[in-house]
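Enquirer: My questions will all concern the structure given below.
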Amino acid sequence: MLPRFIQGLGIGLTFVPLSTVALSAVPMREMGHASGLFNFIRTAGGSIGIATMATLLQRGAQVHQAQLVTHVSLYDPGMWDRYQTLADTFAALGADTVSAEGQAWASLYEMVQREALSLSFIDNFWRLAWIFADVIPFVLFLGGRPRMAETPADVERPATILEA
């Protein structure tokens, strides 16, 4: 529950000021259109960002898996011991020798996949951290400009019955 609370707090502290700064120079009569366009671009950008990170996560997991499987060899004494321990465990649980060996290999492969995915998450975390760090200087350019006073000619007024 605490991570969701922190996430909600972060979203509130991010998007409200961002919306305020983005729409501060827009005249009131155009506020509806500008707000809709801002939200559309923000949503589309978020979707593109999520899709990009998901793609990088999957590709990174594949790369890390390819690197990790090079270390899974029965010629490695530590690996052989782990394999034998897993095979013995599955055999003790009632599997025949062939099934126990297959389950041991499946278990080792699952470990490799889990570690590869963890490494890929770490890579994506650092990518996003660097992106956010690179964007921080642009905050200096977001100086809020005061809303321009609108003249009566700028505000559309509804037609009265006599004018219609």
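The values are calculated or read from the model by the stated rules, or taken from the named source; none is laboratory data. All values reported here derive from a predicted model rather than from experimental measurement. Please note: Cβ atoms are built from the backbone with ideal geometry, for glycine as well, and neighbour counts cover all protein chains shown.
Enquirer: Could you please let me know if residue 34 is in contact with a helix residue (DSSP H, G or I) (Cβ under 6 Å, 6 or more places away or on another chain), of a type in the set (Gly, Ala, Ser), part of a helix (DSSP H, G or I) and modelled with pLDDT of 90 or more? Don't jump to the end; show me each part of the working.
Expert: Numbers: in contact with a helix residue (DSSP H, G or I) (Cβ under 6 Å, 6 or more places away or on another chain): yes; of a type in the set (Gly, Ala, Ser): yes; part of a helix (DSSP H, G or I): yes; modelled with pLDDT of 90 or more: yes.
Taking the combined requirement at face value, the residue satisfies it.
Enquirer: Out of the residues in segment 1-25 that are in contact (Cβ under 8 Å) with a residue 60 or more places away in the chain and outside any helix (DSSP H, G or I), state the one that is surrounded by the most Cβ atoms within 10 Å (Cβ to Cβ).
Expert: 24
Enquirer: Tell me which residues, restricted to segment 107-164, are modelled with pLDDT under 60 and of a type in the set (Gly, Ala, Ser).
Expert: Within segment 107-164, 144, 149, 153, 159, 164 meet the criteria.
Enquirer: Here's something else I'd like to know. Taking residue 64 as meeting all but one of (1) in contact with an Asp or Glu (Cβ under 9 Å, 6 or more places away or on another chain); (2) in contact (Cβ under 8 Å) with a residue 60 or more places away in the chain, write down the number of the exception.
Expert: Evaluating residue 64 over (1) in contact with an Asp or Glu (Cβ under 9 Å, 6 or more places away or on another chain); (2) in contact (Cβ under 8 Å) with a residue 60 or more places away in the chain leaves (2) as the failure.
Enquirer: I've got another one for you. Based on what the data block shows, is residue 41 within 19 Å of residue 128 (Cα to Cα) and of a type in the set (Val, Ile, Thr)?
Expert: Against the criterion (within 19 Å of residue 128 (Cα to Cα) and of a type in the set (Val, Ile, Thr)), residue 41 does not qualify.
Enquirer: Can you work out which of the residues in segment 54-104 that are of a type in the set (Asp, Glu) and either at pLDDT below 90 or part of a loop (DSSP other than H, G, I, E, B) (or both) is surrounded by the most Cβ atoms within 10 Å (Cβ to Cβ)?
Expert: 76
Enquirer: While we're here: Given the criterion of a type in the set (Ser, Thr, Tyr), assigned to a helix (DSSP H, G or I), under 26 Å from residue 125 (Cβ atoms) and under 29 Å from the mean Cα position of the chain (by Cα), identify the matching residue among 107, 47.
Expert: When all the criteria are applied, what remains is 47.
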